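In what follows, a single structure is set out as structure tokens and then discussed.
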Amino acid sequence: MKKHPSRKALPSELAWHVLYQAALFETDRSKVRERIAAAERAILVRIKELFVVTNDHIEEDQVLDDALYALRALRHCVLPEASSAA
């Protein structure tokens, strides 16, 4: 099994993407909740970083927003108990 690089080894603009893909492609249902949470945390870190950047990052903002939306959809599809708690 291939290991994912540690989050500290990657710049934040890549770290969130690695964690996002890990959540999307996790096959062990017992790990999905934590994978989603880790990806969401990394995405929020990246959003906060971009908040203080002065150059144009509209496209990356949209990608990050889409990723958060996809993770929420995944949570509600794979973890139905999360849907009733929301």
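The values are calculated or read from the model by the stated rules, or taken from the named source; none is laboratory data. Keep in mind the model is a prediction, meaning the values are calculated, not measured. Heads up, the Cβs are rebuilt from the backbone with ideal geometry, glycines too, and the neighbour counts pull from every protein chain shown. Keep in mind that these areas ignore ligands, DNA and RNA; they rest on the heavy atoms of the full protein, side chains included. Shrake-Rupley method; radii C 1.70, N 1.55, O 1.52, S 1.80 Å.
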> Using a 1.4 Å probe, what is the accessible area per residue for segment 20-70, in Å²?
Replying inline: 70 Å²
> For segment 11-52, which chymotrypsin sites (Phe, Trp or Tyr not before Pro) are both in a DSSP coil and crowded by at most 10 other Cβ atoms within 10 Å?
Replying inline: 25
> So what's the net charge close to residue 50: Lys and Arg +1, Asp and Glu -1, counting the other residues with Cβ under 10 Å from its Cβ?
Replying inline: -2
